[in-house]
Amino acid sequence: MSDFIFETTPRAICRFGGAQELGKLCAETGAKRAFILSDPGLEKAGLTSGPCASLRQAGVDYLLWTGVQADPPEESILEATRHAQEFGADIVIGLGGGSSMDTAKLVALLCGKPQNLADIYGIGLATGPRLRLIQVPTTAGTGSEVTPISIVTTPTSEKKGVVSPLLYPDLALLDAELTMGLPAPITAATGIDAMVHAIEAYTTKHKKNPLSDSLAIRALQLMTAHIDDAISANPGRAAREAMLQGSMMAGMAFANAPVAAVHALAYPLGGHFHVPHGLSNALVLTEVLKFNRDAAMQHYGELASAVMPDQRFSSDAEACDAFIAFIAAMVARMPFAQKLRDVGVAETDLDMLATDAMKVERLLINNPREVTFDDARAIYARVL
């Protein structure tokens, strides 16, 4: 067994209705002024009221800031940081999807130790200390509650990452009750996003390890078994809990065994066309799997056995092809856009997308097969 290092969020609580205990959990840390980041949609849906009430009941002063933007741009993060500093926050809470949690990470960091975002894009460049940090996901997708990564949209529409162990929160609070009313298209897109985390962690070229492998397999099993129920008209509690736990496990996996070409090709779609991250991944997933087929055949075959345990395969090639077909069929039946043209992309945009994808070198180096500009453009063209 090769040497490896595995890190994750030090504490996770998975409890239906657990968000009602947020105030008590904050008070236990000694925090007195909580800055909560969320978005207007969650506030309108009433999902912020319970957590805020629990803070009041626990005697914790709080400021709810719902200015989080999708694919958070630098100016949004800096604005949130100013509000947190003016409030005198001593703890930061991310309540929402990946954008809220990624913003919360950087607000906690920048309040604890002011630094320029442009100086800390990359791996291990951020410095601490940071404020205490709790993450409460309301979607089952990004796994941001257990990752040391925050993705930012720069003024040039590029997506860049701050990667640092400082961004692991102190606590991940998973409450599937918060996801019960999630619309089917969002459930589907975030679910596929989490599956991509698991698949790419399992097949990554660098830092693949036994712990991440185990988490990735279990995550993929949970999510493939429950996503159809989760997007149904009346999803059950069991399906919602399985998706949320699977998303967390996939997050733990890819935080240690990093993602690759699917994410690299998805980022320009979010940066230029504001396509939600999960949908961006879903749009390119099948074609990237096909592109990686020969290089990742054994690993895809192992994943096929994990998600289709009743099937027997005569060879790695047969198992690999069965896995690609299984994932392709799943993506095709999800209630979201299936082609790039459906999200505003034209053929004249493909060179720009491929150019920007090639800039995401920190992810492309993890792909089982080398990706060139022509490869990236061809993948986009097949999805157009």
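Just so you know, all these numbers are worked out from the coordinates, no wet-lab data involved. The structure presented is a predicted model; accordingly, all values stated were derived computationally and were not measured. Cβ coordinates were reconstructed from backbone atoms using ideal geometry, including for glycine residues, and neighbour counts include every protein chain displayed.
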Next item on the list: For residue 159, go through the aspartates and glutamates and keep the ones whose alpha-carbon is under 14 Å away, minus same-chain ones fewer than eight residues off.
Entry: 71, 74, 75, 102, 356, 361
Notebook entry, point to check: Expressed in nm to one decimal, what extension gain is obtained for the pair residue 342 and residue 317 from 0.36 nm per residue of sequence separation less their Cα-Cα distance?
Noted result: 5.7 nm
Checklist line | Charge context of residue 301, other residues only, Cβ under 13 angstrom, K/R +1, D/E -1 | finding: -3
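Filter 105/290; 160/339; 160/290; 24/105; 105/339 down to the pairs with a C-alpha to C-alpha distance above 23 Å, please.
Pairs exceeding the cut-off: 105/290; 160/339; 160/290; 105/339.
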Next item on the list: Would you pull out the residues with amide H under 5 Å of residue 12's amide H, same chain only if 5 or more places away, H placed 1.01 Å from N?
Entry: 172
Check: For q = 0.18 Å⁻¹, what log10 I(q)/I(0) does segment 224-364 give under the Debye formula with an equal point scatterer on each alpha carbon and no solvent?
Finding: -1.25
Check: Can you give the translational diffusion coefficient of segment 147-296 in µm²/s, computed by Stokes-Einstein from the Kirkwood radius over Cα pairs at 20 °C and 1.002 mPa s?
Finding: 135 µm²/s
Item checked: Normalised convex hull volume, segment 12-179, alpha-carbon set, Å³ per residue -> 95 Å³
Next item on the list: Determine ³J(HN,Hα), in whole Hz, for all residues of segment 159-166 in sequence, where each value follows from phi through the Karplus function 6.51 cos²θ - 1.76 cosθ + 1.60 and θ = phi - 60°; x replaces Gly and Pro.
Entry: 9, 10, x, 9, 10, 6, x, 4
Next item on the list: State, to one decimal in nm, how far the label point of residue 295 lies from the label point of residue 154, with both points 7 Å from Cα in the Cβ direction.
Entry: 2.4 nm
Checklist line | Cβ charges +1 (Lys, Arg) and -1 (Asp, Glu), total dipole of the chain, debye | finding: 580 debye
Checklist line | Nearest-20 debye value, segment 184-383 charge dipole, Cβ charges on Lys, Arg, Asp, Glu | finding: 320 debye
Check: DSSP beta bridges in the chain, what fraction antiparallel, as a percent rounded to 5?
Finding: 20 percent
Next item on the list: Can you grab the distance from the C-alpha centre of segment 19-52 to the C-alpha centre of segment 256-272, Å, no decimals?
Entry: 30 Å
Margin query: What are the ³J(HN,Hα) couplings of segment 257-272, residue after residue, when phi is run through the Karplus curve with 6.51, -1.76, 1.60 and θ = phi - 60°? Round to Hz, x for glycine and proline.
Written below: 10, x, 6, 9, 5, 4, 5, 4, 7, 6, 4, x, 5, x, x, 9
Next item on the list: Pull out the extension gain between residue 115 and residue 24, defined as 0.36 nm times the separation in residues minus the alpha carbon to alpha carbon distance; nm, one decimal.
Entry: 29.6 nm
Check: Between residue 132 and residues 5 or more places away or on another chain, which pairs have amide H atoms under 5 Å apart, with H built 1.01 Å from N, and which residues are they?
Finding: 92
Check: Residues with amide H under 5 Å of residue 61's amide H, sequence separation 5 or more or different chain, H placed in the peptide plane at 1.01 Å from N; which?
Finding: 34
Notebook entry, point to check: Using the Karplus equation 6.51 cos²θ - 1.76 cosθ + 1.60 (θ = phi - 60°), what ³J(HN,Hα) coupling, rounded to whole Hz, does each residue of segment 170-181 give in order, writing x for Gly and Pro?
Noted result: 6, 8, 10, 10, 9, 10, 5, 4, 5, 9, 4, x
